[in-house]
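A.B. asks: Below: one structure in structure tokens.
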Amino acid sequence: MKTDNKLIGTGIFTAIAASLCCITPILALIAGTSGLASTFSWLEPFRPYFIGLTILVLGFAWYQKLKPKKQIDCNCDTEEKPKSIQSKMFLGIVTVFAIVMLAFPYYSSIFYPKTEKQIIVVDKSNVQKAEFTISGMTCTSCEANVNHEVNKLTGIINSTTSYDNGKTVVAFDNSKTNIAEIEKAINSTGYSVTNKKEN
């Protein structure tokens, strides 16, 4: 049925759209172009609507698939086997895919490599902390992207990012790097440092 195909297509589209803002940083990391990370962050305010639409569309598709068929009083064998794209199994696969996509922001950080670094601080008086206010972050994937870029710099001791607060706190050896370099690394992700202060 064409309606089933449209429902399935709409369900897939809305599930992907709901998580696109969190998928993009992973794709940017894989492609090595971290500046693309915030490309779809403008979709984040619409995420609840995409999630709702996905649930409605797939719920209606399952209703259509599972509702009892009207019995036609006919002695002829006209029951056709549904095409694979119209089967319950295919709809089940699409539903699982949609759930995986909708949950992506909650497990996206596993795709970022762990940056194990050997930190050598010559003098404790060189250790400095700075807090950066960042705009454009929408999920844990954004946090991991910012931490990944900052930790590439020499002299970073620790980097903690929170998309909820829109902040990153970085401890670093100021004899090896500085606030301007850290800000540049954060901005290279596509998110923007709007304020910074030394602690």
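A.B. asks: When the chain is fully extended, how far beyond the present Cα-Cα distance does Phe97 get from Asn158, taking 0.36 nm per residue of separation?
C.D. replies: Gain on extension, Phe97 to Asn158, equals 18.4 nm.
A.B. asks: For the range 112-198, go through all pairs of different Cα atoms, get the mean of 1/r, take its inverse, and jot down that Kirkwood value in Å.
C.D. replies: Evaluated over the range 112-198, this radius sits at 12.8 Å.
A.B. asks: At 7 Å along Cα-to-Cβ for each site, give me the label-to-label distance between Asn174 and Lys124 in nm.
C.D. replies: Roughly 1.7 nm, to one decimal.
A.B. asks: Quote the FRET efficiency, to the nearest 0.05, computed for Thr133 versus Phe60 with a Förster distance R0 of 41 Å and r equal to the Cβ-Cβ distance. Working shown, then result.
C.D. replies: Numbers: r = 43 Å, r/R0 = 1.04.
The pair Thr133/Phe60 has a calculated efficiency of 0.45.
A.B. asks: State to the nearest 20 debye the size of the charge dipole of the range 112-198 about its Cα centre, where the only charges are +1 on K and R beta carbons and -1 on D and E beta carbons. Working shown, then result.
C.D. replies: On the way: 10 positive and 10 negative charges, 16 e Å.
With only Lys, Arg, Asp and Glu charged at Cβ, the dipole is about 80 debye.
A short reminder: the numbers here are calculations on the coordinates, not readings from a lab. Worth saying up front: this structure is predicted, and the values here are computed from it rather than measured. So basically every Cβ, Gly included, is an ideal-geometry build from the backbone, and we count neighbours across all protein chains shown.
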